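Okay, structure first, notes after.
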Amino acid sequence: MDFGVTKMDVKHYTYRVSWSPEDQEFVGLCAEFPSLSWLAADPAQALTGIIQVVAEVVTDMQKSGEPIPEAIADKQYSGEFRVRVPPLVHRNLAIAAAEQGVSMNRYVSAKLAG
């Protein structure tokens, strides 16, 4: 299937297909365009549908000069982010890390990954 001038770009976006109990169909979603969706009886059709909708929206955005979201997969990540937690949570994390004999950073990283 040809997705036009945006073919390479739209294929880099993050797509997901899941069952929608409310609609009794599969729903195709795109993380970079959370307001868009596509319903279909078959999961492959839901994926094809959402990719086509995203391609059309990106084409329209290009024509109107709107900024187009960068694909999550194409972004570079530093591996660092800050999280604010209540003091009691911070204290409990520090205690748990000490009990494990690791830094709090390593402890929290393992918890997030697992």
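Read the figures in this text as sums done on the coordinates, not as results from a lab. Worth saying up front: this structure is predicted, and the values here are computed from it rather than measured. Positions of Cβ are generated from backbone atoms using ideal geometry, with glycine treated the same way; all protein chains shown enter the neighbour counts.
Things worth noting here:
- Cross-chain or 6+ apart pairs with Cβ under 8 Å, segment 103-114 first and among the charged types (D, E, K, R), then surrounded by 13 or more Cβ atoms within 10 Å (Cβ to Cβ): ARG106/ALA97
- Residue within segment 23-46 that is polar (S, T, N, Q) and surrounded by 11 or more Cβ atoms within 10 Å (Cβ to Cβ) present: yes
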